[in-house]
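Heads up: the structure comes next, in structure tokens.
None of the figures in this text is laboratory data; all of them are computed from the coordinates on show. Not measured: the values here are computed from a predicted model. As a convention, Cβ positions derive from the backbone with ideal geometry for all residues, glycine included, and neighbour counts pool all protein chains shown.
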Amino acid sequence: MRGRTVMDIVQIARARSRHPDVVGVRRRGRASNRKSFIADQRGAVAFETIFVYTLIVAFLLMPLADVAAAGFRFISAWSALRSFGQYIQYKTPLGPDGTVNWGAGFQTTVAGYTIGNIKVWCGSSVCSSGNLTQIPKYFTFSTTVTLAPIVWRPVLCPNSCTYTLSYSERFQ
């Protein structure tokens, strides 16, 4: 009786399995091939996953990382330009006679970006004693950003990986 119960349990378990007819074990312990091992594709997905992950990393994640790194560099350079604009709002170099005097201790590096090409404009020309009455008055300045892409170098840097960002801040 006990042997029959064990056989019933084995048959029920075999009937519930996904592939009951693929591989069975005989009493002697060797495997029998009822259909074929090719019919059992359970290991194929694990094998293909390596290739799929490699393609996803190479063609999706690495280019996205390049674009994200370039975006962060541009955003931080733009933030440095805005910070410099706020800084020169309080340290206005324009004298009452139209002379531009930056003074000693004037900071020209913000957050690691060197600010250059600083000009004070009165109307549509650089300020001088002859055009002080023209409005608006504003500053222009610029900084450079250097990118270091890994995958998208031909796309992000066709000629050079150094870009110049210009900025203007009105003060009157």
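Ranking Gly130, Pro154, Val52 by Cα position along the charge dipole of the range 44-170, where only Lys, Arg, Asp and Glu carry charges on their C-beta atoms, puts Gly130 farthest toward the positive end.
FRET efficiency for Ser79 and Val52, Cβ-Cβ distance as r, R0 = 35 Å, nearest 0.05? Computed FRET efficiency for Ser79 and Val52: 0.35. Exposure proxy shown here: for Thr99, Thr140, the number of other Cβ atoms within 10 Å sets the order, fewest to most, as Thr99, Thr140. Taking every alpha-carbon pair under 8 Å whose residues sit at least 6 apart, the range 44-170 reaches a relative contact order of 26 percent. In terms of other Cβ atoms within 10 Å, Phe51, Phe74 run from fewest to most in the order Phe51, Phe74. Extension gain for the segment Asn159 to Val126, taken as residue separation times 0.36 nm less the Cα-Cα distance, is 8.7 nm to one decimal.
Based on alpha-carbon atoms, the Kirkwood radius and the radius of gyration of the range 44-170 give Rg/Rh equal to 1.25. Protection proxy ranking, highest mean first, for peptides 77-89, 107-119, 156-168: 77-89, 107-119, 156-168, where packing is the per-residue count of other beta-carbon atoms within 10 Å, averaged.
Projected label points at Val45 and Val151, each 7 Å from Cα along the beta carbon direction, are separated by 2.5 nanometres.
Sorting Trp121, Trp102 from the fewest to the most surrounding beta carbons within 10 angstrom yields Trp102, Trp121. Placing a pseudo-label 7 Å from each Cα along the Cα-to-Cβ vector at Ser166 and Leu64 gives an inter-label distance of 3.6 nm.
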